[in-house]
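Here's the structure we're looking at; comments come further down.
The values are calculated or read from the model by the stated rules, or taken from the named source; none is laboratory data. The structure presented is a predicted model; accordingly, all values stated were derived computationally and were not measured. Heads up, the Cβs are rebuilt from the backbone with ideal geometry, glycines too, and the neighbour counts pull from every protein chain shown.
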Amino acid sequence: MPEFRRWRTATALGRYWPACATLCAGLALTAGLTAFMVHTDRARSARVFEEEAARLAARVEAYMNMLASIMAAGAGLFDASQHVSRAEWHAFSNALKRDRNVSIVTGIGFSERMPPGLSLSEAESRVAAARGEPVFIRPATPRREVHATVYLEPEDAVNRQAIGFDMYSEPLRRAAMEAAAVAAQMRISAPVALRELQPGTQVQSGVPMFHPLYWKGHKHDTASERRAALRGFVYAPLHMHESMRAVLLPAAPKFDFTLADRDAPAASASALPTHQGARPQAADQRAMRSSRQSIAFGGRVWEIHAAAPSRHDGETDLRREVALALGGTLTTLLAMALVGLVLRTRERAEHLASVMTRDLKVGRSRFERMMSGSAGGAWELDVASGAC
């Protein structure tokens, strides 16, 4: 009995091998096409992801260049006038508000370097004369060099608390200010607490930008001459979480990214923003792709660290791949069924022909035996012609 079953199986496979070959070839072709589509879609997804990350970096760089142009305009105002009054700086700030992009800047201000040998009280009197109101310089400890924030627009309740603050007293700001003074170019600081506010007020973190100002008539061709001729700085304190989100989020990236200062101290890294744009379930996926875009600006290097699932923005691609696999499989099964039907029909036709041939042979054999056993003859008569 087992031998008979094996014989039947071998016989069936021998008869229907074209259908089996159709099934194997169709599934292999479907698997190959699906694998090719998956590879192509993932390559396209990686390319799109890199392009979107590069566009984010370009948006940040364009925004920072715009701010640098604004600060250069403020420096030009001081270069054109021996003294810029509080009203003139306010008018300059109001003119900037017409630009929608400038509205997300925390402020634009002027910090003056106090003449050497000036006491702290004399420096306060100098700033008070420029503003027309009493000013207290902070911190109030004696030091070799004193800078004081004289103007900061817009003069809202928060910005007014920064008036009189000596940014040069803080190490990270001081490093950026010294670099700007020596290079005669705009420089940005590592992330810092933006304002030295009164006790009980919230300190905001961000990145200050400094554009150096020099006294007219003083030479500043060398680093030492620039240091001696330094008048102060036009500066812009950027609230990075607000500013960069306003710049980056309109692009609506569908992936996670972090904007970081590459060389910033670890304690200040939180001043730069992060964004989670990928689907919540993306964090559970093992296969993640990443991109790192560098932005060199103002003497520092910022980096955008972007991360996305391997199928970044690939829901449509996944549906196409599944549709191809299912469609190919169903088409293969249908083709196999059609081939099997043709083989079955041919087998039945061959069986019918075999039966008819066998019956014909049996009838002929009977006729021959009948003729050989009879003494008479057989006559064939053509009815139409009457011939026999």
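Flag set for Ala283, criterion: within 27 Å of Glu242 (Cβ to Cβ), assigned to a helix (DSSP H, G or I), modelled with pLDDT under 80 and among the hydrophobic types (A, V, I, L, M, F, W, C). Taking the condition aliphatic (A, V, I, L, M), surrounded by fewer than 20 Cβ atoms within 10 Å (Cβ to Cβ) and modelled with pLDDT of 90 or more, does Ala175 pass? Yes: the conditions hold for Ala175.
Restricting attention to region 120-175, the residues being closer than 16 Å to Val234 by Cα and polar (S, T, N, Q) number 2.
Among the conditions (1) surrounded by 14 or more Cβ atoms within 10 Å (Cβ to Cβ); (2) at pLDDT 90 or above; (3) out of contact with any helix residue (DSSP H, G or I) (no Cβ under 7 Å at 6 or more places or on another chain); (4) not basic (Lys, Arg), Phe110 misses just one, which is (3). Per the conditions (1) modelled with pLDDT of 75 or more; (2) surrounded by fewer than 13 Cβ atoms within 10 Å (Cβ to Cβ); (3) among the acidic types (Asp, Glu), the sole criterion not satisfied by Glu303 is (2). Residues of region 207-256 that are at pLDDT below 85, surrounded by fewer than 24 Cβ atoms within 10 Å (Cβ to Cβ) and assigned to a strand (DSSP E or B): Asp256 alone.
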